[in-house]
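The values are calculated or read from the model by the stated rules, or taken from the named source; none is laboratory data. These numbers come from a predicted model, not from an experiment. Neighbour counts are summed over all protein chains in view; Cβ atoms, including those assigned to glycine, are modelled from backbone coordinates with ideal geometry. Surface areas here come from the heavy atoms of the whole protein model, side chains and all, with no ligands, DNA or RNA. Shrake-Rupley method; radii C 1.70, N 1.55, O 1.52, S 1.80 Å.
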Amino acid sequence: MSEENNYVLLTDENGNEVEFEHIDTVEVDGQMYMAFIPAQLSVEEEAEVVILKVVEEDGEEVLVSVEDDEEADRVFAIVMERVEEMYEEDGE
């Protein structure tokens with residue numbers, strides 16, 4: 001994913017397409033994960049972070065939901081730590 005285009009359309013569980021902004025990609029225990037927030041987020045809203053796992057299906061990389069809550073929580077914590085570090089560096 002290029003830095004110029006951090007937006008993707010994802011399909012939710014109801015089949016609706018929603019635009020999200022890619023905020024980070026992390027590797028945890030040899031598995032790649034991508035983190036997204038809704039693109040149409042108002043300033044007052046608290047960001048819902050969506051964590052998706054990168055898996056290979058039929059030779060192509062696809063994004064799938066993380067079904068295990070413990071796995072999702074662990075990846076979420078890593079992503080949030082990295083985001084906080086980015087904001088601290090920007091503020092210096």
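Table for the structure above
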| item | result |
| --- | --- |
| Pairs, first under 20 Å from residue 53 (Cβ atoms) in the stretch 9-24, second modelled with pLDDT of 90 or more and of a type in the set (S, T, N, Q), C-beta under 9 Å, six or more apart | 13/65 |
| Single residue of the stretch 64-92 satisfying the filter (hydrophobic (A, V, I, L, M, F, W, C) and in contact with a Leu (Cβ under 9 Å, 6 or more places away or on another chain)) that is modelled with the lowest pLDDT | 64 |
| Criterion (open to solvent by 30 Å² or more (accessible area, probe 1.4 Å) and modelled with pLDDT of 95 or more) met by exactly one of 40, 31 | 31 |
| The one condition in (1) surrounded by 10 or more Cβ atoms within 10 Å (Cβ to Cβ); (2) modelled with pLDDT under 95; (3) under 22 Å from residue 9 (Cβ atoms) that residue 54 fails to fulfil | (2) |
